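Data first, discussion second: the structure below is written as structure tokens.
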Amino acid sequence: MGKKGRLIEDIDTDQIFHNAFLHITELRQMGQYALGNLEGWKDFPGKTGPGDIIIAGRNFGAGSSRQQAVDCFKSLQTGMIIAPSFGAIYFRNAVNSGFPVMKCSKLADLIAGGLLKSGDKIRVNIRTGEGQNQTRKEAFFIEPMNEVQYNLWEVGGLFSYAKKTKKD
Amino acid sequence: MGYTIIEKIIRGHTDEEVRAGEIVWLDLDVRSARDFGGPNVVKNFCREFGDTPVSDRSKTFFTFDLCVPACTLQYADNQQVCRDFARAKGFKVFDVDEGIGSHVLIERGLAASGSTVVGTDSHMNILGAVGCFGQGMGDVDITFAFKTGKIWFQVPESLKVFVRGEPSSGFSAKDLTLYIVKQLGTKKAALKSVEFYGEAVRKLSISGRITLCSMVTEMAGIIGFIPEFKDSVASEIKSLSGEEFNHPYADKDAVYSDAITIDIDGLGPQVAAPFLPTNVKDVGDLEEVKIDSGFIGCCTNGRFEDLKAAARVLKGKKVKDGVMLKIVPATRKVYKQLLEKGTLKDLFESGAIISNPGCGGCAQGHIGLTGKGEVQISTGNRNFEGKQGKGQNYLASPAVVAASCILGHIAGPEDI
Ligand code: SF4
């Protein structure tokens with residue numbers, strides 16, 4: 001996310017999901033407020049579709065621990081978020097709810113080199129980290145999901161994992 | 001390639017390959033929740049796992065410390081929700097009389113060296129003081145921990161910090177801690193396990209170790225460890241907890257992200273001015289700051305030795321007219337020591353208000369807040385705007401708080 005190929009860094013959870021809407025608990029209703037407090041991106045929910053991949057700057061999801069900042073993207077059926085790094089609590093919240101947050105330390109280089117542009121059609125293999133930019137017919141790499149993160153993603157989050165593994 | 005301290009502890013609690021950056025499933029020795037966070041754990045647990053048991057009742061606890069006994073209806077309700085749940089599942093509650101949860105875990109030998117403990121307390125990493133990997137987490141994680149006895153964790157990188165130099169005589173563990181917070185800021189130790197070395201940290205008592213480790217949170221670190229210690233510390237921890245003290249050590253060829261040296265030569269008392277814990281200055285460099293109140297306590301400075309240091313300054317003196325000094329021991333055990341050693345009398349006679357143990361004075365709990373315009377000097381760990389009411393908070397050592405309360409303005413003990 002950014003202008004002229006530069007990613008915005010340190011987007012905090014209040015910019016992702018404004019605290020005025022924290023009372024909302026229905027997943028279905030959360031999507032419409034995604035990025036609603038981030039200058040230049042207020043129209044995001046209307047423009048995005050299921051499976052879209054968000055490319056974001058360093059330390060995405062900095063700050064407070066609100067779960068809605070993850071759930072609003074699930075609500076929009078966002079495919080995944082790729083960023084050089086994530087806020088620590090944001091990363092935990094996302095992994096715990098089975099939402100794919102993927103790290104790619106070289107993201108800025110990929111964008112500077114023209115390998116990734118807004119609107120490109122890309123596919124990413126979360127197990128191997130192999131990425132394909134189908135628009136530009138280029139390949140790239142991100143950091144694959146680690147075993148634990150994959151386990152949680154596969155079953156849909158922490159609580160489902162606890163039920164499936166039945167460690168009573 | 002060798003292992004750092006955090007890698008060693010995690011290796012002892014997982015079957016997976018352990019290296020900084022890897023995410024592993026970690027076996028927990030203890031999981032706990034407090035009166036904040038605890039009610040959500042109960043709610044999550046009942047919704048997700050219904051009537052099923054917790055994974056191991058002997059390793060699961062509630063510790064009430066934030067608002068004790070409850071002084072708001074909400075806390076009263078929340079504590080009761082937790083009590084009922086604990087009774088139904090058959091595990092122990094350290095109730096409103098016990099004191100700060102992390103300290104109670106240390107005193108009861110539940111946070112042994114080399115063990116793993118999680119709770120809904122962002123200062124759970126205080127347990128690094130006794131060589132235990134303590135970690136604060138949100139209610140979703142803690143619910144999962146109650147159910148499975150495990151948690152996933154990304155093995156942090158480690159930072160090595162050497163402290164060197166001879167400080168001046170009035171330099172306490174809190175002054176050392178504040179100075180380190182100033183030097184590391186919130187970036188250098190961010191998301192890292194910090195290993196402290198050097199004579200000044202090796203010499204720390206158990207309460208001094210607690211002071212330093214508690215403020216690793218304010219450095220944005222994951223946890224702090226002090227692997228070198230005096231023999232007396234090992235025996236004190238053993239007598240306190242009944243557990244042997246075998247601090248894990250790092251291998252010689254362990255890999256660190258960075259090494260930093262901090263020089264404390266000649267330093268005297270330190271103060272963190274509002275509104276950041278990193279905004280640290282020499283007491284002598286402050287313009288005269290008049291104060292309305294003082295607070296001695298908090299998980300950072302609520303042990304007997306801390307209150308004793310304050311009592312040494314206050315004995316035979318009076319808190320200045322118009323200044324209010326609030327003292328909160330960390331635990332019931334500390335309270336008992338104050339009583340038995342006569343320290344309580346010295347504190348009382350100086351004019352201080354002494355409350356029952358807990359987080360009061362730090363959290364917005366049972367010993368009041370600061371009002372708008374009020375200037376307070378506190379032994380706490382955070383001075384963010386709004387953290388302890390609407391006033392302005394300065395952070396300092398127990399001796400500096402005591403001296404300031406006698407004089408009515410911020411000053412070191414040698415100014416008396
Ligand atoms: S004393 Fe304050 S910082 Fe420490 S555990 Fe209690 S509320 Fe948290």
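Since every read-out is calculated from the coordinates, none of them should be taken as a lab result. Just so we're clear, the structure is a prediction, and the values are computed from it rather than from any experiment. With ideal geometry, Cβ positions are generated from the backbone for all residues, glycine too; neighbour counts draw on all protein chains shown.
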First select every other residue whose beta carbon is under 9 angstrom from the beta carbon of A:Ala108; then total the charges, Lys and Arg +1, Asp and Glu -1. +2
Mind pulling the per residue volume of the convex hull built on the Cα atoms of the range B:270-415? Å³ is fine. 88 Å³
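Please work out the ratio of the alpha-carbon Rg of the range B:157-263 to 2.2 N^0.38 Å and round it to two decimals.
So the Cα radius of gyration is 1.04 times the expected 2.2 N^0.38 Å.
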Taking H placed 1.01 Å from N in the peptide plane, check which residues at least 5 places from B:Arg34 or on another chain put their amide H under 5 Å from its amide H. B:Thr63, B:Thr120
Just to be sure I understand: with springs between alpha-carbon atoms less than 10 Å apart, which residue in A:Gly57, A:Gly119, A:Gly36 has the highest mean-square fluctuation in the Gaussian network model of chain A? A:Gly119
What nm distance separates the two modelled labels at B:Glu236 and B:Ile416, each placed 7 Å from Cα along Cα→Cβ? 2.1 nm
Residue-by-residue Karplus 3J(HN,Hα) for the range A:91-97, coefficients 6.51, -1.76, 1.60, Hz, glycine and proline x: 4, 4, 4, 5, 4, 4, 9
Hey, what D do you get for chain A in µm²/s if you plug the Kirkwood alpha-carbon radius into Stokes-Einstein at 4 °C and 1.567 mPa s? 79 µm²/s
Top of B:Met215, B:Met124, B:Met137 by mean-square fluctuation, Gaussian network on chain B, Cα under 10 Å: B:Met137
Simple SL model, points at 7 angstrom along Cα→Cβ for B:Lys315 and B:Asp27; separation in nm is 4.9 nm
Per-residue ³J(HN,Hα) for the range B:260-277, Karplus 6.51 cos²θ - 1.76 cosθ + 1.60, θ = phi - 60°, Hz, x for Gly and Pro: 10, 10, 10, 9, 10, 4, x, 6, x, x, 10, 9, 9, 7, x, 10, 9, x
Give me the distance in nm between label points sitting 7 Å out from Cα along the Cα-to-Cβ direction at B:Thr186 and A:Arg6, one decimal. 2.3 nm
Hey, how many Å between the Cα centroid of the range A:126-150 and the Cα centroid of the range B:11-33? 27 Å
Calculated P(r) tail over 41 Å for the protein assembly as shown, as whole % of Cα pairs: 26 percent
So if I place +1 on the C-beta of Lys and Arg and -1 on the C-beta of Asp and Glu, and nothing else carries charge, what would the dipole magnitude of the protein assembly as shown be about its Cα centre? I want it in debye, nearest 20. 920 debye
Amide H neighbours of B:Thr370 at under 5 Å, excluding residues fewer than 5 places away on the same chain, with H built from the backbone geometry, are B:Gly389, B:Lys390, B:Gly391
From the phi angles alone, apply the Karplus equation (6.51, -1.76, 1.60; θ = phi - 60°) to the range B:177-184 and give each ³J(HN,Hα) in whole Hz, x where the residue is Gly or Pro. 4, 4, 5, 5, 4, 4, 6, 8
Between A:Ile55 and residues 5 or more places away or on another chain, which pairs have amide H atoms under 5 Å apart, with H built 1.01 Å from N, and which residues are they? A:Ile82
Distance between the range B:173-212 and the range A:14-28 - C-alpha centres, whole angstrom: 38 Å
A 24 angstrom limit on the alpha carbon distance is what I want to check against. Which of B:Lys89/B:Lys333; B:Lys89/B:Lys238; A:Lys163/B:Lys150; A:Lys42/B:Lys192; B:Lys187/B:Lys308 exceed it? B:Lys89/B:Lys333; B:Lys89/B:Lys238; A:Lys42/B:Lys192; B:Lys187/B:Lys308
Specify the residue with the greatest mean-square fluctuation among B:Cys82, B:Cys71, B:Cys298, computed from a Gaussian network of chain B linking alpha-carbon atoms under 10 Å apart. B:Cys71
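Return the FRET efficiency for the residue pair B:Glu166, B:Asp97: r is the Cβ-Cβ distance, R0 is 41 Å, and the value is rounded to the nearest 0.05. Write down the numbers at each step before the final one.
On the way: r = 42 Å, r/R0 = 1.03.
Once the sixth-power term is evaluated, E becomes 0.45.
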Determine the gain in length on full extension of the stretch B:Ala259-B:Lys336; use 0.36 nm per residue of separation and subtract their C-alpha separation, reporting nm with one decimal. 23.6 nm
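Once the Cβ-Cβ distance between B:Lys390 and A:Ala139 is put in as r, and R0 is 41 Å, what FRET efficiency do you end up with, to the nearest 0.05? If you can, show how the numbers build up before the last one.
Details: r = 57 Å, r/R0 = 1.38.
With a Förster radius of 41 Å, E is 0.15.
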So how far, in whole Å, is the C-alpha centre of the range B:376-416 from the one of the range B:282-317? 6 Å
FRET E, pair B:Asp56, B:Glu16, Förster distance 25 Å, beta-carbon r, rounded to 0.05: 0.75
For chain B: Kirkwood Rh in Å [reciprocal of mean 1/r, alpha carbons]: 21.4 Å
